[in-house]
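For reference, the structure is listed below as structure tokens.
Here, each number is a calculation from the coordinates, and none is a lab measurement. All values derive from a computational prediction rather than experimental measurement. Positions of Cβ are generated from backbone atoms using ideal geometry, with glycine treated the same way; all protein chains shown enter the neighbour counts.
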């Protein structure tokens, strides 16, 4: 009987199904991201056994080898593969990545150029070639390769950032902005958004073209402002604008110094002068907006924030401030949705921005997306009483417009959410009042 039982048990065992390439790739990428470089490399090599031309796995293998200190060995293998498979674009692509990781720029460009010749319609090959050319300061050739990558894959945010930087180096600033402007709508990853924001700030750096000795004086004045010594900054800047009356950056800082000294009229004048001298700079408009907001002039503030965003649409703090202004002070919550959506796309990990956007959506007549956003936030932040209360309030409003049985379901959900809020914050009066109203029908 025992033998029969064991035999039956063995007959029911089945070998585990091998993981598909997509699952293996996802696991390997997770290992790489969390510092498991050896299992990551094994994972990427397992993917390549199934899909030898997977560009993502080839990239991962090279990066894992670099992190492990095994790049020389892997590079030798990739060189042998490229020499053996001379018509295989993926083999030259992998070799190009390895050479680039080894800072062998000429060889990297040669290998990636060969890959691009063999497979001209592959966006990532064009992108990697463009990056290698950019690193070697071959800007016209880099621009052409990077532009092809964007043309081939216009929805990929990552490809746009080095193209914008390259266009800027070539003096094509308008084209650079057109390249960056679309990024918030492309749902960039957090690292892509950070790179895009950095590129946008480089384009609008008010000090970028200032030469010595004016640059040294500006740096000194900025240091005084950072140390709350506005009067010393103002003295230095007054002297600077006497010598360089058309220096926009000096007027910009002098406007900030005047604002710190409670000289609002002078501050406005200096900031407007900076805006006139450098019409492409967003900073004078952003600072004017803050001044107008502080003086209870929300319409003027909104206009200046909008002007700043025309000049740099990737500045998260300006987007946030315009959204808050429209939501809380101008009585136009529907107008707040756009800037807050862009800000949230550029700072995907910022729960506060997501909450602001949900509030704007709910107040601006976009109830369904607002509630869905609050639901996601509540799942991500189950101990955040503000999120739970906002969701409970939104569902309470929905409940008031619903009939049974949906009304009963919403009543139960709202009660559960309010109980959780009061567990976290027993003295929360808003939650207490809402729970009382709910129980009274």
Check: In the stretch 203-218, which residues are under 31 Å from the mean Cα position of the chain (by Cα) and either exposed (fewer than 12 other Cβ atoms within 10 Å of the Cβ) or part of a loop (DSSP other than H, G, I, E, B) (or both)?
Finding: 204, 205, 206, 207, 208, 209, 210
Next item on the list: Identify the residue in the stretch 323-334 that is in contact (Cβ under 8 Å) with a residue 24 or more places away in the chain and either under 20 Å from the mean Cα position of the chain (by Cα) or in a helix (DSSP H, G or I) (or both) and, among all such residues, is surrounded by the most Cβ atoms within 10 Å (Cβ to Cβ).
Entry: 323
Checklist line | Flag if residue 246 is closer than 22 Å to residue 210 by Cα, touching a residue at least 12 places away in the same chain (Cβ under 8 Å) and not in a helix (DSSP H, G or I) | finding: yes
Check: Is there a residue in the stretch 287-298 that is surrounded by fewer than 23 Cβ atoms within 10 Å (Cβ to Cβ) and in contact (Cβ under 8 Å) with a residue 40 or more places away in the chain?
Finding: no
Next item on the list: Pick out, from the stretch 88-202, the helices (runs of 4 or more DSSP H) lying fully within it that include 3 or more residues that are surrounded by 15 or more Cβ atoms within 10 Å (Cβ to Cβ) and within 22 Å of the chain's Cα centre (by Cα).
Entry: 123-135, 139-152, 157-169, 173-181
